[in-house]
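One structure is given below, encoded as structure tokens.
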């Protein structure tokens, strides 16, 4: 099967009910919102969503009843506040009960790193004295050399990591820049990687700057070209953050009926990602373009 | 080299609409946060008021401070435009260092970050913070969780807590410890092996609070102009002690106020 596929096919063929799916790896930027919307359209069920900070995306998937478990450090709407669907699911089991496994950002990163390194845990000094260290992901461990007491973080191995990146070639070799969060750790930890990207570039472009390559493409199962695929989150060099979109969602999702209307307008009632971009409108899309280039100085790989 | 210069100047505030010396309580909180940052320090900045505090400190008394963001960004000058999240593009362009979360947290864990700002839904008399859930079992309210706050609370050289002062938020004992302060008091951090120094101050909308060096209990260090000790006590759900040398929070200077408005020209965070 070719790796380069449409978003619809990539989600249909790579994401199965019951999987654990890592998203939001860069924190508040490069969130694969378009892939999340497609998961909702295809009515995937019983997913375990994993993240460090999930800015609004997990709230949408929880409200759309795709999720039975969340494993992460923070679920809500970063600029606007609490996640209403997250609250309804945890507090009132609406639309369905939701299990939560709590991490901090660092402990999640360490869990991914352990899986990426192929070891069962990593030791840390963080979270000593926090109540959530009592959860199953953590255990006391003594240093074998100094006897010092440390915290062990169990490896976190998602079935799939979905990542949005700036550019990739047809084999899934991807360039990504800006803040990386746990992007590389998630890609290395996951059973497979599904990429969405702003543009598909020739293989030679990737080879021209190997320090910028996320992971070797052989870890990538599928890549889909989805310009604006991180909207409303930003993609450095391609699109700004659509702040209003977050505030509007926060206001509309306050009650269940408002969320259902939001979902119909932006996800279920549009024809895939193209329909979503059409609904955004040309003026809004134009406003999201960066005001200008902020070019890096070129580097020489001369030899 | 032209390519690495900033593409846009900062937007400068229209000051004519607001008298410079008429400051808001939030502006005072930002200025108090800025005063906590010493020159040359490496600071986990966070968002909203502390982010502005970092910009003000850089502008005035701490030009060599470095701001650290857990998304994987280090900056030696403030973001190029007002931002809503630490991953917004103006906070990345012109950064000193972009990396992964493991790298910035490793700087923290290895003792190379002097200070971090944190907040929460609840704080207690020993500076423990809760951002997981509040309410009793019949009606629990689920909050977003730790993010990186618990890591900063555990590992930073010292922490400054910043939050609105309300009786339901200033409680004798938090229901859930997300970000540990001094636990149940003296010696607790040492017993539990927390490497960081713990909270040095709390900045609230009513005053500034220190922690008694012996008991590690929060105490009023200064009350903001226009606020009384009694008002602060009324908005605190335990018998809050008063530091022996309690005083009024120093009024912001004109330079401090202008610096806040340079970075929050429309009062998005401080009005």
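Derivation of every value follows stated rules applied to the coordinates shown; laboratory data play no part. Not measured: the values here are computed from a predicted model. For neighbour counting, all protein chains shown are included, and Cβ atoms are generated from backbone atoms with ideal geometry for every residue, glycine included.
Things to note:
- Ratio of the Cα radius of gyration of the range A:113-209 to 2.2 N^0.38 Å, where N counts its residues: 1.42
- Two-site FRET efficiency, residue B:158 against residue A:300, from Cβ-Cβ distance with R₀ of 41 Å, rounded to 0.05: 0.40
- Cα-based shape type of chain B, given that a ≥ b ≥ c are square roots of the gyration tensor eigenvalues and the cut on a/c is 1.5: oblate
- With Cα atoms defining each centre, the range A:75-118 and the range A:145-177 are spaced 17 Å apart in the structure.
- If the segment from residue B:175 to residue B:229 were pulled out straight at 0.36 nm per residue, it would be longer than the present Cα-Cα gap by 16.8 nm.
- Once the Cα-Cα distance is subtracted from the 0.36 nm per residue extended length, the residue A:212 to residue A:192 segment shows a gain of 5.2 nm.
- Inter-probe distance in nm under a simple model that places probes 7 Å from Cα toward Cβ, at residue B:168 and residue B:255: 4.2
- Shape of the range B:120-244, Cα gyration tensor, a/c cut at 1.5: oblate
- Relative contact order [Cα under 8 Å, 6+ residues apart], chain A, whole percent: 20
- The simple Förster model, with R0 at 22 Å and r as the Cβ-Cβ distance, assigns residue A:117 and residue A:219 a FRET efficiency of 0.95.
- In this calculation the C-beta distance from residue B:21 to residue B:64 is compared with R0 = 30 Å, giving a FRET efficiency of 0.55.
- Computed per residue of chain A from DSSP H runs no shorter than four, each worth -39500 (n - 2.57), the mean residue ellipticity at 222 nm is -8000 deg cm²/dmol.
- Cα centroid separation, the range B:174-188 to the range A:237-301: 41 Å.
- Value of relative contact order over the range B:99-142, rounded to a whole percent, pairs C-alpha under 8 Å and six or more apart: 19
- Inter-label distance for residue B:76 and residue A:148, nm, one decimal - labels placed 7 Å from Cα along Cα-to-Cβ: 3.0
- For the range A:180-237, the relative contact order works out to 47 percent when only alpha carbon pairs closer than 8 Å and six or more residues apart are counted.
- For chain B, modelled as a GNM whose springs connect Cα atoms under 10 angstrom apart, the maximal fluctuation among B:149, B:62, B:93 occurs at B:93.
- Compared with the alpha-carbon gap, the fully stretched path from residue A:19 to residue A:247 is longer by 79.1 nm at 0.36 nm per residue.
- Comparing B:260, B:134, B:214 in a Gaussian network model of chain B where C-alpha atoms under 10 Å apart are linked, the largest mean-square fluctuation is found at B:214.
- For chain A, modelled as a GNM whose springs connect Cα atoms under 10 angstrom apart, the maximal fluctuation among A:104, A:208, A:233 occurs at A:208.
- For the pair the range B:34-93 / the range A:1-50, the C-alpha centres are spaced 34 Å from each other.
- Placing dummy labels 7 Å off each Cα toward the beta-carbon, the span from residue A:43 to residue A:260 is 1.5 nm.
- Cut-off 20 Å, label 7 Å out along Cα→Cβ of residue A:94, residues of the range A:241-283 by amide N: A:249-265
- Of the two radii for chain A, the radius of gyration is 0.98 times the Kirkwood radius, both from the alpha carbons; that is the Rg over Rh value.
- Over the residues of chain B, the helix contribution to mean residue ellipticity at 222 nm works out to -6500 deg cm²/dmol, using -39500 (n - 2.57) for each DSSP H run of at least 4.
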